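The values are calculated or read from the model by the stated rules, or taken from the named source; none is laboratory data. Just so it is clear, the structure is predicted and the values come from calculations on it, not from any experiment. Don't worry about glycine lacking a Cβ; one is built from the backbone with ideal geometry, like all the others, and counts go over all protein chains shown. Areas reflect the complete protein model, heavy atoms only, side chains present, ligands, DNA and RNA absent. Shrake-Rupley method; radii C 1.70, N 1.55, O 1.52, S 1.80 Å.
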Amino acid sequence: MVAPKSQHSSLNFGQRISLGVSDIVGITYRNLIHMVRTPQLLVFSGIQPIMFVLLFRYVFGGAIATPGGNYVDYLLPGIFIQTSLFGGASTAVGLSEDLKGGIIDRFRALPMSRSAVLAGRTIADLARNILVVVLMLLVGFLVGFRFHGSAAQNIVGMVLVVAFGYAFSWVFAAVGLMVKDPETAQIAGFLPIFPLVFASSAFVPVKTMPIWLQDFANVQPVSVTIDAVRDLVTGVPVGSWLWQSGLWTLGILVVFIPLAVYRYRHI
Amino acid sequence: MAEAVIEVDGIEKSYKTNRALAGVSLRVERATVLGLLGPNGAGKTTLVRILSTLLKPDAGRATVAGYDVVEDAEAIRSIIGLAGQYAAVDELLTGRENLELVGRLYHLSRIERRNRAEEVLERFSLTNAGDRPVKTYSGGMRRRLDLGASLVGRPEVLILDEPTTGLDPRTRIELWQYIEALVRDGTTLLLTTQYLEEADRLAHRIAVIDGGKVIAEGTGDELKTQLGGAVLEVVVADSRKLKEAARWLERLGEGRIRLDETRRLVTVGTEGGARVVVEAGQLLVEAGIEIDDIGVRRPSLDDVFLSLTGHAAGDGSETEENPKQGGTRHGRA
């Protein structure tokens, strides 16, 4: 029998893109509905970073000496990035839940774009991440944080925060597709996050660490990005951090988008 | 021969050490139902995953509506509907949202997908539940929605992987009625099942699969005939005499002989008729073996399965008199 109609092979590039975008919109919408219908999850994903703010601002803060002396302005950029990264980790959990539930099988047997499930997931997670970062900003203001940069600097700083988190959610997408189990994904997701966030300039100046750790803490992407954001929002002329962190963000996307899509195709 | 919509030719697939499919060939003709019958681990799901382009075969060739499952995977996805072993619907979305999402991913227009969702809800008696989140649905409603979701794109070919596994008998019969309606509409359907009654009731042709191979194929009646026209069943009074009784009864049989120690039952495929019963009775009385019960009946598909594979359709560990009633025992929803 001769195959009479192939909806896809006859499509040109532009039509494929527009169908792909429609697929991504559909999946994003589905994931956003999930967030709205599981409000507890949303609430708790906000409480954890708030506790970090309070913990470091009021418990540890007094013992940590920072250049300039105003710890709350030092702390909050670190908190923003930490929040953004932890938010990205939920991508791994969400995807592995979909895998386990069998709905990914349904999606993979549909004539939809092969990257839309991942793109829709990361974009929905980005939306939540923005929400949580805005919440952190509000909490930050309550505990004394203030922007000192120009409007442009502040905006670039906050865009960097969410862009960096978005890049990492693709790392977590790959992780979620590899471990295929929500509980494992939760742990596997946090494993790389902890050393990156705590062995960084997020909470304490890197200078206070042992030399061997400083070597790591100074070059790793989380420190670089926090330093860039911190310089921007405190109004200090931002150094090479900015382009370094931009390159990290881009590099992570360039490596992990194809990797995650490859994993998705070969589940 | 009628036009084949699904053609499978020598498909092989192995996972690490496990050979799931060891050269499977079969065909499904247009507007017919093929029941793929086999126990857990027989390779049914692996074949379904290959035909629905979720998995690539190691060797062999398979086409759906003329499209190759490896080379034209994208084309196949737009003409098949797949409903899986567990209901792959979104718990947090409503029934309607689920269907509209699938419609969107089939690239139906907004109006089309809205209408289609409405139609499907109606067809599967879910109109009233359509705007409730799926997590509030019963198991049967979920399966119906899952089945409905596989129809949203008006597929040429429908693939159902164990559509009633884990359902209670009443819900199973209900779902069968929906599937039968699809069959009447002329859907080309590949259905996998571990339940003999399900294959017998829904499928035009049945392929029995075990250990990654098709070990028999035909209509339900053809398969039953393979065993002989009838089945002679003898229950002996003393289980220690079971083997001896079997040796005597072997003379009457054409097909394979089976023993069930726990129920002291010997089953033999025979030509049937009263003569067989009389002869069997005589043989055993002369041998001094007491009988509790003796009779002849039409073979069930379970007899076929047992005689072909040496184990019951469920999982091989048990022999059950009437698996038609015992369908829920391997439930794993």
Measuring from centroid to centroid over Cα atoms, what is the spacing of the range B:142-169 and the range B:217-249 in Å?
36 Å
Computed for the protein assembly as shown: size of charge dipole around the Cα centre, +1 on C-beta of each Lys and Arg, -1 on C-beta of each Asp and Glu, debye to nearest 20, value 1760 debye
Considering only protein heavy atoms and a 1.4 Å probe, what is the carbon-and-sulfur percentage of the accessible area of the range B:4-219?
45 percent
Set Lys and Arg Cβ to +1 and Asp and Glu Cβ to -1, take the dipole of the range A:39-265 about its Cα centre, and tell me which of A:P195, A:F60, A:T249 lies farthest positive.
A:T249
List the lysines whose alpha-carbon lies under 16 Å from that of B:K13, not counting same-chain residues fewer than 8 positions away?
B:K44, B:K56, B:K213
Counting only heavy atoms of protein chains, what accessible area per residue, in Å², does chain B have with a probe of 1.4 Å?
42 Å²
One finds, for A:Q15 and A:V255 with R0 = 35 angstrom and r their Cβ-Cβ distance, a FRET efficiency to the nearest 0.05 of 0.75
I need the per residue convex hull volume for the range A:104-159, using only the alpha carbons, in cubic angstrom as a whole number.
84 Å³
Taking the convex hull of the alpha carbon atoms in the range B:48-108, what volume per residue do you get, in Å³?
91 Å³
Tell me, how many Å apart are the Cα centres for the range A:76-94 and for the range A:134-180?
7 Å
Roughly speaking, what is the stretch gain from B:D221 to B:Q282, that is 0.36 nm per residue apart minus the C-alpha to C-alpha distance, in nm to one decimal?
18.9 nm
Which one of B:T267, B:T188, B:T127 has the biggest mean-square fluctuation once chain B is modelled by GNM with Cα springs under 10 Å?
B:T127
Could you state the accessible area per residue of the range A:124-267 in Å², with a 1.4 Å probe and every protein chain left in place?
45 Å²
Of the accessible area of the range A:39-265, computed with a 1.4 Å probe and all protein chains kept, carbon and sulfur make up a percent value of 74 percent
Report the Cα centroid-to-centroid distance between the range B:83-109 and the range B:271-303 in angstrom, as an integer.
54 Å
What nm distance separates the two modelled labels at A:Y58 and B:R154, each placed 7 Å from Cα along Cα→Cβ?
6.4 nm
Normalised by the empirical 2.2 N^0.38 Å for globular proteins, what value does the Cα Rg of the range B:182-298 take?
1.31
Taking the range A:1-114, the equivalent ellipsoid from its C-alpha gyration tensor has semi-axes in Å, biggest first, of 46, 17, 11
Return the distance in nm (one decimal) between the two label points of a simple spin-label model at A:Q48 and A:A127, each offset 7 Å from Cα along Cα→Cβ.
2.1 nm
Between A:F198 and B:V70, what is the spin-label point distance in nm, taking each point 7 Å from the Cα along the Cα→C-beta axis?
4.9 nm
Any idea what the dipole of chain A comes to, in debye rounded to 20, about its Cα centre with Lys/Arg Cβ at +1 and Asp/Glu Cβ at -1?
660 debye
Under a GNM of chain B (C-alpha, springs under 10 Å), which listed residue has the highest mean-square fluctuation: B:R77, B:R27, B:R263?
B:R263
Efficiency by 1/(1 + (r/R0)^6): what FRET value for A:L41 and B:R30, r their Cβ-Cβ distance, R0 = 60 Å, to the nearest 0.05?
0.80
Per residue of the range A:11-16, in order, report the coupling 6.51 cos²θ - 1.76 cosθ + 1.60 (Karplus, θ = phi - 60°) as ³J(HN,Hα) in whole Hz, putting x for Gly and Pro.
7, 8, 4, x, 5, 4
Minimum 20 Å² accessible area buried by the other protein chains, the range A:67-101 residues, probe 1.4 Å, relative to alone:
A:G101
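Let's test the formula: R0 of 45 Å, r as the Cβ-Cβ distance of B:K56 and B:I291. What FRET efficiency results, to the nearest 0.05? Present the calculation step by step, with values, prior to reporting the outcome.
Working: r = 56 Å, r/R0 = 1.24.
Using R0 = 45 Å, I get an efficiency of 0.20.
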Kindly compute the accessible surface that chains B and A hide from a 1.4 Å probe when together, both sides summed, and give it to the nearest 100 Å².
3100 Å²
Where does chain B land at 222 nm, in deg cm²/dmol rounded to the nearest 500, when only DSSP H runs of n ≥ 4 count, each adding -39500 (n - 2.57), divided by all residues?
-9500 deg cm²/dmol
Stokes-Einstein, Kirkwood over Cα pairs, the protein assembly as shown, 4 °C, 1.567 mPa s; D in µm²/s equals 47 µm²/s
At q = 0.17 Å⁻¹, the log10 of I(q)/I(0) for chain A from a Debye sum over equal Cα scatterers comes to -1.31
When N is the residue count of chain B, what does its C-alpha Rg come to as a fraction of 2.2 N^0.38 Å?
1.13
Per residue, how big is the convex hull of the range A:113-267 when only Cα atoms are used? Give it in Å³.
132 Å³
